[in-house]
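Written below as structure tokens is the structure these notes are about.
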Amino acid sequence: MKNIEITVVVLAAGKGTRMESDKPKVLHEIYGVPMITHVLDALVPLVPDRMIVVVGHKSSGVKASLLNYNLSFAFQNEQLGTGHAVMSAAQLFPLKGGVVLILCGDTPLIRSETLREMLAAHLEKMAALTVMTTILEDSTGYGRILSDKSGDLVKIVEEKDASSLQKEIKEVNAGIYCVNQELLLQVLRKIKNNNQQREYYLTDIVEIIKGSGLKVDKYVCVDPQEILGVNSKEELALADKLMCARWL
């Protein structure tokens, strides 16, 4: 896997308004340390060539808490969506290309082994884009995976844009992507903000890449706990409980 340049982008610019706290969301602690450190600790064993953390809200505090890691920081000056956040990091991408692994700083239960398997599958299948998905009995709050009759990924629909029928779908977007760098730079320019949130959704790259005839694959995470996104105090408590159980 080290024959190819690997760049990691961790999205950590969000305000986390549902946490009802002045503290940046990714600095809320799980098992005694900021949740983003669990994400970074899962990434380090992959030995990526660079790790870029996209910061925004109270960025100085986030940076100060991550001094023990070899990181570059990109600043997202406005909260205009995940696509915009990745655009903010693009200036730090290497000239020689490679693969970009994108994930969020609020998914502290993700495991190194899962990320390693996803990267390996992306390279082995020679996909242009690989999206991590999982199956949830209660898929509330997550983007839904739209697949064709063959089970191939066609589109990701964010919950606020989903129809009542689409909201019944159990397969959801984990918010983790492997994408070829040169292609990513091309498609980021094509993302529009014509949605309910008026944001630039990174998920739109699925439809754009698929529409150009390139291979879009999905990697199904068998343990849905790994992709738990922490957006509220209740989810923070749940993630802490699950992390404690993992280490006991």
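Quick note: the coordinates plus some simple rules give every number you see, no bench work behind them. Here the structure is a predicted model, which means the values were calculated and not measured. Cβ: placed from backbone, ideal geometry, glycine included. Neighbour counts: every protein chain shown.
Couple of notes before you dig in:
- Cβ charges +1 (Lys, Arg) and -1 (Asp, Glu), total dipole of the chain, debye: 520
- Gyration tensor (alpha-carbon) shape descriptor, the stretch 75-142, a/c threshold 1.5: oblate
- Taking a straight Cα-Cα cut-off under 20 Å and skipping sequence neighbours fewer than 8 places away in the same chain, the aspartates and glutamates within cross-link reach of residue 233 are 20, 22, 29, 106, 138.
- Note on the chain: dipole from Cβ charges, positive end direction compared against 14, 66, 76; the farthest Cα belongs to 76.
- Interchain or long-range residues, amide H under 5 Å from residue 155's placed H: 146
- Between the entries (1) 17.7, 57; (2) 16.9, 48; (3) 19.0, 63, the label attached to Rg and Dmax of the Cα atoms in Å calculated for this structure is (2).
- Principal semi-axes in Å for the stretch 64-188 [√(5λ), Cα gyration tensor, largest first]: 26, 18, 16
- What the phi angles of the stretch 57-62 give under the Karplus curve with 6.51, -1.76 and 1.60, with θ = phi - 60°, is a coupling list of 4, 6, 4, 4, x, 5 Hz, glycine and proline written as x.
- Computed on the chain, with alpha-carbon pairs under 8 angstrom and 6+ residues apart, the relative contact order is 25 percent.
- Cα-based Kirkwood hydrodynamic radius, the stretch 1-148, one decimal, Å: 16.3
- Under 5 Å, built H, 5+ apart or other chain: amide partners of residue 98: 181, 182
- ³J(HN,Hα), Karplus 6.51/-1.76/1.60, whole Hz, each residue of the stretch 153-168, x for Gly, Pro: 5, 10, 6, 10, 10, 5, 4, 5, 9, 7, 6, 4, 5, 5, 5, 7
- Hydrodynamic radius by Kirkwood, which averages 1/r over all alpha carbon pairs of the stretch 124-248, in angstrom: 15.7
- Cα centroid separation, the stretch 183-248 to the stretch 33-55 (Å): 16
- Links that overshoot a 20 Å alpha carbon limit, given the list 125/218; 58/190; 190/210: 58/190
- For residue 220, residues with placed amide H under 5 Å, excluding near neighbours: 133
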